[in-house]
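Every read-out reported here was derived from the displayed coordinates using simple, explicitly stated rules and does not represent laboratory data. Bear in mind that the values here come from a model prediction, so they are computed numbers and not experimental data. Here the Cβ positions follow ideal geometry from the backbone for every residue, glycine too, while neighbour counts run over all protein chains shown.
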Amino acid sequence: MATLWQPPTLALAIVLSAATAIGVVVTIVSFSLADDLRNTGTTATATATSDTRSGGRASLSRVDVRFTTQDGEVVDTTLEEPSENLQLGDEIEVVYDPEDPWEATALGDEARTAWIVALVTAVFAIGSVWEWARWANRRWADTSLRGVGRQAPQAMSAAEIAAKKKRALRRRRKKRNRRGR
């Protein structure tokens, strides 16, 4: 009989549940930030000051851009994962926070990160539900009644017990007779 604590299944279910909870919080925050940027952000036309390049192990594409804020301040910043492949001198619409213009993103891309986080969170949630179901099924199988589907033994009368003993005695005699021949 297996124990109720099944480390691979239960531990994985707990880890996936924790990752799902964290993912939900990060997704909510990401969508909230994207919504704030969309509602309170200011748009500007930026010019690419470098070609789109891949960098680092994660191979995220980046492009350096320059734009002028409504206040006339020239801002040089880097766009992470722009939806367009930009060449030096290409123009792109960006949205930025007037209080922190260096945190700019390509217009239309502000919620993309939130959607990616939401997708990963959904995968964690599916895995979590799957592992909890596996654990529950194993637990149920280990603790359920073993006799389900079988008839429970009935109380026998003295005459039935005597008849059963008589049949068993006859079977033993037949076996002995067969061996003796």
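Odds and ends about this structure:
- Coupling constants for the range 89-98 follow from the phi torsions by the Karplus curve (6.51 cos²θ - 1.76 cosθ + 1.60, θ = phi - 60°), and in residue order they are x, 5, 10, 8, 7, 10, 10, 9, 7, x Hz; glycine and proline get x.
- For S61, distant residues with modelled amide H under 5 Å away: E81
- Listed from fewest to most Cβ neighbours within 10 Å, the set D35, D100, D109 follows the order D100, D35, D109.
- Neighbour counts of other Cβ atoms within 10 Å put W130, W102 in the fewest-to-most order W102, W130.
- Counting every other Cβ atom within 10 Å of each residue's Cβ, E103, E73 order from fewest to most as E73, E103.
- Phi to ³J(HN,Hα) by Karplus 6.51 cos²θ - 1.76 cosθ + 1.60 over the range 37-47, Hz, x for Gly, Pro: 5, 5, 7, 10, x, 10, 9, 8, 9, 10, 10
- Length available on full extension from D76 to A18: 0.36 nm per residue minus the Cα-Cα distance, which gives 17.0 nm.
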